[in-house]
Amino acid sequence: MWRFALNRSTNIFNRSLNKSATVLPPLNSQSILVCLLSGDITRTDLSFMSSPAKRLRAENMSVKKIGTHNGTFHCDEVLACFFLRQLPEYKDAEIIRTRDPALLSECDIVVDVGGEFDPKKHRYDHHQRTFSESYHSLCPEKPWVTKLSSAGLVYLHFGRQLLAQLTQLKEDNRQLEVLYDKLYENFVEEVDAVDNGISQCDGEARYSVSTTLSSRVGHLNPRWNSKSQDTEEGFKKAMKMVGEEFLDRLDFYRSSWLPAREVVEKAIKERNQVDPSGEVVLFSQGGCPWKEHLFSLEKELQVETPIKFILYPDQNGQWRVQCVPAGLNTFQNRLSLLEEWRGVRDEALSKLSGIKDCIFVHASGFIGGNKTQEGALEMARRTLQAAAQSPANGSS
């Protein structure tokens, strides 16, 4: 169902980019014939327009207007406009690009222009001197302190509704909240930071990254010395690009990242069935990305004793015992396999360890192999026992 929603949303989005903002004149028999011949309308459309009541309702319905600034465009308002266009309320909205306060006042929602942040009035600008809001300041339960751009503001206020529309998950669904956080942290926050000029690190960077989403949007603006400085076509291309990239990222997190999280969560909850220590987790299938999920789920599930080892089968049907690192971005382990086993293989390792069917232990001690699940588990158990007797073995 959610795949259908993603495809449908993409199709609606692509069609909306091709719509002209030009107001069509009243249709008469001659203009209808011209439209039929040109393919601008179909006979189905014609039958709809032939109903006076339906035609009157359609003419009286006001088209929603999304306001943003004209001139050079940036990734944040492009992404904000894309987000809004995915919602039923704004899917057919006209995007008004202007800095004219009178025209902006007529818009139903305004992003990245106007000098006002007021969700009750649907005004989402972040350029005013008094603005310093972050996710954490507006939603204290969220950890992110990056100053928000128009993209982050719209995502904060409409993100759950957006994801519910695209995935068909309910807004109070736990999985949707996990996706909501993940897509901010790994997609939208970057756009907020770049637009607000927030560096990733202190000091001068070692090298320049010029292929970010924000930079690719920037390249779609007219060149300074181009004869035409019209930004409308580039804005449409930018919205299509950021939209496709966001939908692709959502598809990945929904169809791959989230199922991996469910596998890891199940394994953590069942870890005491693998070993009474609760420090060994077993995956019945290899290849599941587990590190990121394990660290976050340990906190969420309030795991008191940190998990030390992961067991899983490799592509040859043999088993691996892998150490859990001390953190996501370190080679240091919470507990490494025994030092005397490191770099030893096969029969020599089995003889040394007293565990049959051993295959290897890596020279750094972060991973080992055994022909059987029982053998791999025993390698983890022996290491835990040795650490209990001599804590100095510890991590390395």
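List of remarks:
- Flag: Gly317 matches the condition of being out of contact with any Asp or Glu (no Cβ under 8 Å at 6 or more places or on another chain) and either of a type in the set (Gly, Ala, Ser) or in a helix (DSSP H, G or I) (or both).
- Any hit, region 281-303, residues being part of a strand (DSSP E or B) and either under 12 Å from Arg381 (Cα atoms) or over 25 Å from the mean Cα position of the chain (by Cα) (or both): yes
- Helices (runs of 4 or more DSSP H) fully within region 161-244 that include at least 1 residues being more than 13 Å from the chain's Cα centre (by Cα), modelled with pLDDT of 95 or more and hydrophobic (A, V, I, L, M, F, W, C): 189-195, 213-218.
- Annotation: of all residues in region 183-200 being touching a residue at least 60 places away in the same chain (Cβ under 8 Å) and out of contact with any strand residue (DSSP E or B) (no Cβ under 7 Å at 6 or more places or on another chain), the one that is nearest to Leu163 (Cα to Cα) is Leu183.
- Answer residue from region 109-154, given it is buried (at least 17 other Cβ atoms within 10 Å of the Cβ) and charged (D, E, K, R) and is nearest to Tyr180 (Cα to Cα) among those: Lys147
- Residue check, Leu103 at pLDDT 95 or above, surrounded by fewer than 16 Cβ atoms within 10 Å (Cβ to Cβ), aliphatic (A, V, I, L, M) and touching a Leu at 6+ places or on another chain (Cβ under 9 Å): no
- Qualifying residue in region 169-181 (condition: over 20 Å from Leu297 (Cβ atoms) and hydroxyl-bearing (Ser, Thr, Tyr)): no
- Selection of first residues in region 291-307 that are more than 14 Å from Ala326 (Cα to Cα) and of second residues that are outside any helix (DSSP H, G or I), restricted to Cβ pairs under 9 Å at least 6 apart or on distinct chains, gives the following pairs, ordered by first then second residue: Leu297/Val303; Val303/Gly278; Glu304/Gly278.
Yes or no, residue by residue, for (1) of a type in the set (Lys, Arg); (2) surrounded by fewer than 18 Cβ atoms within 10 Å (Cβ to Cβ):
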site	(1), (2)
Gln322	no, no
Ala326	no, yes
Leu335	no, no
Arg345	yes, yes
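The values are calculated or read from the model by the stated rules, or taken from the named source; none is laboratory data. For clarity, every value in this text was computed on a predicted model and none was experimentally measured. Neighbour counts run over all protein chains shown; Cβ positions are idealised from the backbone, glycine included.
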